[in-house]
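Contents: one structure, followed by commentary.
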């Protein structure tokens, strides 16, 4: 992915130098893996994850300041550029539709972090908290994605995940997320889960839509980039995760969509470039 030399966002708060050497809240144990899989970069699970973490966390490790490593500084520049790209594209889309855009913040952390949705750790994976309108990312997730879930990795896998979380912010400021939660009231678990799937797939569509517009603006894509995004989407499909972790698939328990669905909706956004084609609620069974 070509990204060097473009605008960098001022909305990134890098807290990795403040995280010290203490252990993460949940570490890498079984519960930590469960939280990671529950999240699988989905914004609307933020409150649930926070509640679980608050119930399990003990004393926070002492905070120590340290200088960021050269690698971390490079990651910071990359994330700032990606966030700026998302800000610019969505500002344009909102203006074209006579809507007022509000940019989210993004926090880079390692180990553990406090959010308006509760405490979180590296085990949470990247997530968006609607309570404070902040995207939270621990960069170690992407190594987990590659080594444990078979994704190809690469810089555009990071771009896809960030764009997906940015999509949850779009859903929040458009009111889609709150409407979805209202629709879930009184529904069976299976029916409520279908609505969650539609929300997640729409965030995948928005990630593809951003890719379409950003490629037209910045010619950022290099050979293999789209494959990196699709590989990440494939790795975190509910069916792929369940099969890997429990050996069987339970469709009624899906909350994020199958691998095939996630790849399809990303591709639909990327190829169409038309926000009107992203009504997953009307099309997802």
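No value in this document is a laboratory result; all are computed from the given coordinates. What you see is a predicted model; the values in this text were computed from it and never measured. Because the Cβ atoms are built from the backbone with ideal geometry, glycine has one as well, and the counts that use them run over all protein chains shown.
Please order 197, 12 by the number of other Cβ within 10 Å, starting at the fewest.
Details: 197 24, 12 20.
Ordered from fewest to most neighbouring Cβ atoms within 10 Å, 197, 12 come out as 12, 197.
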### Query
Which order results if 166, 78, 94 are arranged by neighbouring Cβ count within 10 Å, fewest first?
94, 78, 166
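Which value results for Rg/Rh of region 103-240 when Rg is the Cα radius of gyration and Rh the Kirkwood radius based on the inverse mean 1/r? Can you show the working numbers first?
Working: Rg = 15.4 Å, Rh = 15.9 Å.
Rg/Rh: 0.97.
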### Whole-number percent relative contact order across region 134-234, with pairs defined as alpha carbons under 8 Å at least 6 apart
42
### Summary
Under 17 Å by backbone N from the virtual spin label 7 Å along Cα-to-Cβ at residue 260, the residues of region 158-197 are none
#### Entry: Projected label distance in nm at residue 10 and residue 73, using a 7 Å step from Cα toward the beta-carbon
2.2
